[in-house]
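Notes to accompany the following structure.
The values are calculated or read from the model by the stated rules, or taken from the named source; none is laboratory data. Only a predicted model underlies this, so the values are computations on that prediction, with no experimental measurement involved. With ideal geometry, Cβ positions are generated from the backbone for all residues, glycine too; neighbour counts draw on all protein chains shown.
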Amino acid sequence: MSLLFVGFGQVLIIPNQHIENIYTLEVEISNRIHELEIEVARGLKEVYKCDGVSSRQHNEPDGSQDVWHYHLHVFP
């Protein structure tokens with residue numbers, strides 16, 4: 001699993017193993033992604049003193065997916 005700081009507080013959580021989208025995501029990997037999401041969200045809230053944190057993930061062209069490797073956006 002990799003974390004990538006994109007800027008303006010946005011963090012991407014990216015599995016090292018290739019996973020195209022949520023439809024092929026294994027439960028064990030999903031669990032680890034969401035454990036990291038909780039850690040990142042808590043960190044963003046503490047560092048940025050924001051009132052809330054959002055997460056987002058896109059699937060297929062009509063779902064706004066334009067990078068064909070699963071990743072989760074977390075941002076204040």
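Tabulated data for the structure shown
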quantity	calculated
Residue in the stretch 39-57 that is among the acidic types (Asp, Glu) and either in contact (Cβ under 8 Å) with a residue 40 or more places away in the chain or surrounded by 15 or more Cβ atoms within 10 Å (Cβ to Cβ) (or both) present	no
Which numbered condition TYR23 misses (of (1) assigned to a helix (DSSP H, G or I); (2) of a type in the set (Phe, Trp, Tyr); (3) touching a Leu at 6+ places or on another chain (Cβ under 7 Å))	(3)
Tabulated pairs, the stretch 60-74, first closer than 16 Å to GLU26 by Cα, second in a loop (DSSP other than H, G, I, E, B) and basic (Lys, Arg), C-beta under 7 angstrom, 6+ apart or interchain	none
Test: residue in the stretch 7-15 that is among the small types (Gly, Ala, Ser), exposed (fewer than 10 other Cβ atoms within 10 Å of the Cβ), part of a strand (DSSP E or B) and without any contact (Cβ under 8 Å) to a residue 40 or more places away in the chain	yes
Conditions (1) surrounded by 15 or more Cβ atoms within 10 Å (Cβ to Cβ); (2) at pLDDT 95 or above; (3) under 18 Å from VAL6 (Cα atoms); number of the one not met by GLN65	(2)
